[in-house]
Structure formats: structure tokens, C-alpha cells
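Chemist: Handing you a structure now.
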Amino acid sequence: MEFEFLQVLCMHECKHLIIEACNLLNSEWPRSKAARLQSLFMSCDKFPTSLVLVLNDFQVVGHAKLSEITVGGPDVMVESVIIHKEHRGKGWGKMLMEDVEEYIRRRGKKMLYLSTRGQEGFYEKLGYEVCKPILYYGVALEPTPEPDNKLPQTWYCKALWLPV
């Protein structure tokens, strides 16, 4: 069995992997390459931030995008999380989310929010709790209408700090 080395990196610190990240995201959520690349190039330390899960130093196998809910505020939205289809079920999504949480904690943020369709069990195992839709950039993000073949959208939150 071949050794697999995984690490989570900031997209803005490994721009040589940006095309790989673009292709991974577009494999799940198709969008113009130009728009996707523009979004990835916006990654920075202060948010929005794209974190990539990298296999053996060169293959992007996961991605998470993080944005502040209000600029300078204590809350962060996980806009998207993806693990390459060939690598799901290996615990890599859990690893990526643990690194997401640590990244956010190190920046002094206190609460993490996300929404999902069909991955409720995954997030519940990681300690996320169902919550109401949130205000994001001043807009109430109500669940989007479900197309006939889509699951309902569920909102989650997780406190990343312990009260004293």
C-alpha cells in the first residue's frame, strides 16, 4: 500500500494548485472557469479563505471556503466543503473540517455556520447543531427552494469557544 501524505493549506499560499482546486469544485458545482478562478484568487488570511486538502503535495482532494458573516465579526460561514468523489469515506472530510475549525479558532472567531443538503449525519457527528437560517451580508438566508430531485436544506452551527 502506498503512503498517503495529507495536509491542509491556504489556497493563497499554494496558488500553483489553483487549477486543481477549480477543477475539483467544478466537478461538483459547475460554474464558469473564470468566475471560479476569481473566487479562488480572492482567498486571503482575513477572509474569504479557501482551504485545500492536498494529497502527496500535488493533488487537491478537498476544499472548504470560509467567509465572515459580518466584516470583523465573531462568526464565520462555511460556504462550501467538498472531498473528491474517489476519496470519500476515508475520514478526510472530518480531517478537513477539524482543520477548518482550528483555522477559525486561531483567528479569534467564536461561531461557525453552514448549510447542507444530505450531509446532516456527517455534521452532527462533528458536533454541529441544527439552527435557524442566518443573516449573511445583511440578507436573511432562508432555505432555497428545493428542485424536485433535491433534499431539503438544513442549517447548522457550532460554538468554537468555551465560556469562562
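The values are calculated or read from the model by the stated rules, or taken from the named source; none is laboratory data. Everything quoted here is computed from the prediction, not taken from an experiment. We place every Cβ from the backbone using ideal geometry, glycine too, and count neighbours over all the protein chains shown.
Chemist: Tell me which residues, restricted to region 1-40, are among the charged types (D, E, K, R), loosely packed, with under 14 Cβ neighbours inside 10 Å and either touching a His at 6+ places or on another chain (Cβ under 9 Å) or touching a residue at least 24 places away in the same chain (Cβ under 8 Å) (or both). Even if it seems obvious, please write down each step before you answer.
Modeler: Taking region 1-40 first, the residues among the charged types (D, E, K, R) are 2, 4, 13, 15, 20, 28, 31, 33, 36.
Remaining after also requiring loosely packed, with under 14 Cβ neighbours inside 10 Å: 2, 4, 13, 15, 28, 31, 33.
Glu4, Lys15, Glu28, listed by residue number.
Chemist: Let me ask something else about it. Between a first residue in region 133-161 that is within 14 Å of Gly118 (Cα to Cα) and among the aromatic types (Phe, Trp, Tyr) and a second residue that is at pLDDT 90 or above and exposed (fewer than 12 other Cβ atoms within 10 Å of the Cβ), which pairs have beta carbons less than 8 Å apart while being 6 or more apart in sequence or on different chains?
Modeler: Within 8 Å, the pairs are Trp155/Val130; Trp155/Lys132; Tyr156/Glu129; Tyr156/Val130.
Chemist: Answer yes or no as to whether Lys85 is touching a Lys or Arg at 6+ places or on another chain (Cβ under 9 Å), at pLDDT 95 or above and basic (Lys, Arg).
Modeler: no
Chemist: Follow-up. Of everything in region 56-104, what is among the aliphatic types (A, V, I, L, M) and loosely packed, with under 13 Cβ neighbours inside 10 Å? Give them in sequence order.
Modeler: Once the filter is applied, which keeps residues that are among the aliphatic types (A, V, I, L, M) and loosely packed, with under 13 Cβ neighbours inside 10 Å, region 56-104 yields only Val71.
Chemist: State all residues of region 1-16 that are among the aliphatic types (A, V, I, L, M) and assigned to a helix (DSSP H, G or I); if no residue qualifies, say none.
Modeler: Listed by number, the list holds a single entry, Met11.
Chemist: In region 90-121, what count of residues is obtained for those that are at pLDDT 95 or above, more than 15 Å from the chain's Cα centre (by Cα) and farther than 18 Å from Val8 by Cβ?
Modeler: Adding up the residues that qualify gives 1.
Chemist: Sticking with this one: How about region 113-134: which of its residues are touching a Phe, Trp or Tyr at 6+ places or on another chain (Cβ under 8 Å) and hydrophobic (A, V, I, L, M, F, W, C)?
Modeler: Correct list: Leu114, Val130, Cys131, Ile134.
Chemist: Which fully enclosed strands (runs of 3 or more DSSP E) of region 17-108 have 2 or more residues being in contact with a strand residue (DSSP E or B) (Cβ under 7 Å, 6 or more places away or on another chain) and under 16 Å from Gln119 (Cα atoms)?
Modeler: Values: elements: 49-55, 59-68, 75-83.
Once the strands (runs of 3 or more DSSP E) in region 17-108 are filtered for at least 2 residues that are in contact with a strand residue (DSSP E or B) (Cβ under 7 Å, 6 or more places away or on another chain) and under 16 Å from Gln119 (Cα atoms), what remains is 59-68, 75-83.
Chemist: Starting from residues that are loosely packed, with under 15 Cβ neighbours inside 10 Å and either part of a strand (DSSP E or B) or at pLDDT 55 or above (or both), keep the ones in region 138-164 and report whichever is nearest to the chain's Cα centre (by Cα).
Modeler: Going through the qualifying residues, I end up with Ala159.
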